[in-house]
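The values are calculated or read from the model by the stated rules, or taken from the named source; none is laboratory data. This structure is a prediction, so every number in the text was calculated from the model and none was measured. Note that we place each Cβ from the backbone using ideal geometry, even for glycine, and neighbour counts take in every protein chain shown. Quick note on the areas: whole protein, heavy atoms, side chains included, nothing else; ligands and nucleic acids left out. Shrake-Rupley method; radii C 1.70, N 1.55, O 1.52, S 1.80 Å.
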Amino acid sequence: MGSELPNRLYGEGLEPQVKNINNSCRLKLLELLREKMEPEYKEVMKDPLFSHIMVIEENGLKFSARLVHSFLCKELMTSKKYEKWFSFARTPLRFSLQEYYAVTGLNVKLEKISVVKWTDDMGFWSKMIKTNGRINLKLIKEKYLEESRSWTWVDRVRMIYFCVIMGVVMGRDEKVNFPHLYMKLAMDLEKLRRYPWGLYSFDFLLKSIDKAKDKLEKKERYLMEGFLFAFQIWIMEAIPAFGEICGRKVSSNFTGPMCGNWTGCAKCSYQDIIDLVTLFPEEGILHSFMDFHKDGMVVCIDDFVRKDEKKDERVDLMLDMIQRKHDWRKHVWGVVETTSSEMDEGDEESEQEEEEGEKSEDGSETEIGESSHGASTADGAATVSGRKKRKHVDLAAASRKKKLFCDLGATPKGSIDTDMQRFLEGLVQSSLAVFGEKLSQQITDRMDKLETVVTDRLGTLESEVTQLRTALLLAEMAGKTDEEAAPSKSRVDAGPSKSKNNTASSKKKVPTKRKR
């Protein structure tokens with residue numbers, strides 16, 4: 001059975017650890033925009049297109065590089081193009097467009113949108129399109145944020161949309177230039193709203209995950225693009241125990257996309273992850289799939305089917321086993337090493353699609369297709385400007401983590417088979433019996449020694465008491481003898497007094513003779 005299922009990227013417990021991930025998903029940029037352009041920011045927040053994405057920053061959810069990295073190392077290698085599989089506690093978990101939509105709520109419906117025709121309003125963005133100008137997030141922070149004061153209201157609003165798209169939804173490096181396709185879409189906000197941002201941002205995130213495979217063994221850090229907060233929130237939803245460690249839900253009655261209902265400091269160490277895997281109980285909650293309810297209805301699975309998806313019978317087998325509620329605790333996943341040729345092939349496909357996307361921006365294609373969402377490649381490492389961030393103090397984080405591990409520690413692991421359990425029980429019982437016998441013998445020996453010591457000590461005390469009584473008796477007898485032989489007190493006191501007076505008087509009667 002094991003050979004018919006996918007293999008893990010790394011063996012269980014052998015995943016490499018990295019100190020940090022340079023996350024290109026920049027929530028701090030949203031805070032800066034809210035401070036500098038509050039009216040325009042609020043205007044974009046009214047639009048349901050990205051309001052649930054922007055609220056991630058307002059809720060104060062932090063990024064956990066260790067959680068994301070550890071899950072990248074738990075990938076199950078399949079040939080699927082538009083979905084990823086991961087394993088936790090030996091149970092397979094799917095991360096597909098369906099789960100991504102449940103987390104982000106972004107539009108995933110592909111439709112034809114013409115971008116050749118756009119209205120020239122003589123504003124800043126119109127000039128950028130006509131002159132083939134270049135602009136990126138770094139330039140916005142360093143230059144255009146201040147210069148935008150002289151722009152029109154609608155151009156400043158467009159800039160907010162671009163920052164949300166490039167800085168969060170697509171999660172691009174800050175030096176990557178905005179595609180002119182996005183600028184043309186923003187000239188008509190209705191077209192911008194109809195664009196399948198969920199579809200393209202999901203595809204770009206999967207490509208980023210593939211590119212990260214050759215970076216996972218780095219010790220210090222590596223750069224990763226894409227909407228990583230969506231990936232992290234999926235982990236927290238698929239494994240509720242991680243949700244308790246990393247944060248908490250804002251509301252228990254929340255009905256929107258999952259990304260808008262989380263807050264927390266996301267402090268999750270590698271040891272926390274290892275302990276959770278070790279202590280995860282048999283009844284632990286895991287969600288291999290996710291559904292999203294919209295307007296009270298479950299979104300149809302057909303909405304997430306991709307025509308050019310590859311077939312993989314190993315995935316079909318996993319799906320069937322999950323539906324039959326297979327017990328994965330006894331399964332041992334195989335391990336496969338990713339070759340460098342596979343990495344190169346994935347990079348070439350990504351670059352090819354990006355080039356195709358740029359062709360559509362120039363107008364050679366009149367309709368938007370699945371390959372039109374590309375932009376120029378990143379040309380540098382991400383940097384984050386040092387600004388004062390609103391502190392969302394998660395005071396209950398430590399107590400939540402402590403309670404979780406206490407509960408898990410009190411719950412039977414349940415992952416040990418019956419024969420092994422009986423063997424361990426017999427081993428423990430026999431060990432306890434031997435220990436009890438040795439302890440009983442030690443107690444008996446100690447009691448015998450204690451009795452001997454006490455007896456000897458009592459004998460010594462009795463001898464000492466006898467000697468003391470004898471000495472006291474002799475001293476008392478000697479005292480009586482001395483008392484009988486001594487003179488009376490009156491005679492002793494009178495003698496010296498009389499002699500003293502006579503001496504004094506005799507001295508007074510002696511005359512003093514003078515010499516003549």
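Just so you know, in segment 204-229 the residues that are under 19 Å from M166 (Cβ atoms) and of a type in the set (G, A, S) include one that is nearest to the chain's Cα centre (by Cα), and it is G226.
Mind checking which residues of segment 134-165 are open to solvent by 50 Å² or more (accessible area, probe 1.4 Å), farther than 22 Å from P48 by Cβ and in a helix (DSSP H, G or I)? Residues satisfying the conditions are K138, L139, K141, E142, K143, E146, E147, R149, S150. Kindly check whether there is at least one residue in segment 226-234 that is under 30 Å from E43 (Cβ atoms), touching a Gly at 6+ places or on another chain (Cβ under 6 Å) and not hydrophobic (A, V, I, L, M, F, W, C). Checked against the condition, which is being under 30 Å from E43 (Cβ atoms), touching a Gly at 6+ places or on another chain (Cβ under 6 Å) and not hydrophobic (A, V, I, L, M, F, W, C), segment 226-234 yields at least one hit. When every residue of segment 172-194 is checked against the conditions, none turns out to be closer than 22 Å to R8 by Cα, touching a residue at least 60 places away in the same chain (Cβ under 8 Å) and open to solvent by 10 Å² or more (accessible area, probe 1.4 Å). Total residues in segment 258-271 satisfying the condition of being in a loop (DSSP other than H, G, I, E, B) and surrounded by fewer than 21 Cβ atoms within 10 Å (Cβ to Cβ): the figure is 3.
Residues that are acidic (D, E) and part of a helix (DSSP H, G or I) occur in segment 242-251; there is at least one. Taken over segment 57-86, the criterion of being surrounded by fewer than 22 Cβ atoms within 10 Å (Cβ to Cβ) and of a type in the set (S, T, N, Q) is satisfied by N59, T78, S79. Of the helices (runs of 4 or more DSSP H) contained entirely in segment 174-214, those carrying at least 3 residues that are over 18 Å from G226 (Cβ atoms) fall at 180-186, 189-194.
Taking the condition open to solvent by 40 Å² or more (accessible area, probe 1.4 Å) and modelled with pLDDT of 95 or more, does P92 pass? Spelling it out, it is not the case that P92 is open to solvent by 40 Å² or more (accessible area, probe 1.4 Å) and modelled with pLDDT of 95 or more. Can you find a residue that is of a type in the set (D, E, K, R), in a helix (DSSP H, G or I) and modelled with pLDDT of 80 or more anywhere in segment 412-419? No - not one qualifying residue is present in segment 412-419. Of all the criteria given as (1) touching a strand residue (DSSP E or B) at 6+ places or on another chain (Cβ under 6 Å); (2) open to solvent by less than 30 Å² (accessible area, probe 1.4 Å), the one not satisfied by L29 is (1). Quickly run through segment 107-130 and pick out the residues that are part of a helix (DSSP H, G or I) and in contact with a helix residue (DSSP H, G or I) (Cβ under 9 Å, 6 or more places away or on another chain). Within segment 107-130, F124, W125, S126, M128, I129 meet the criteria.
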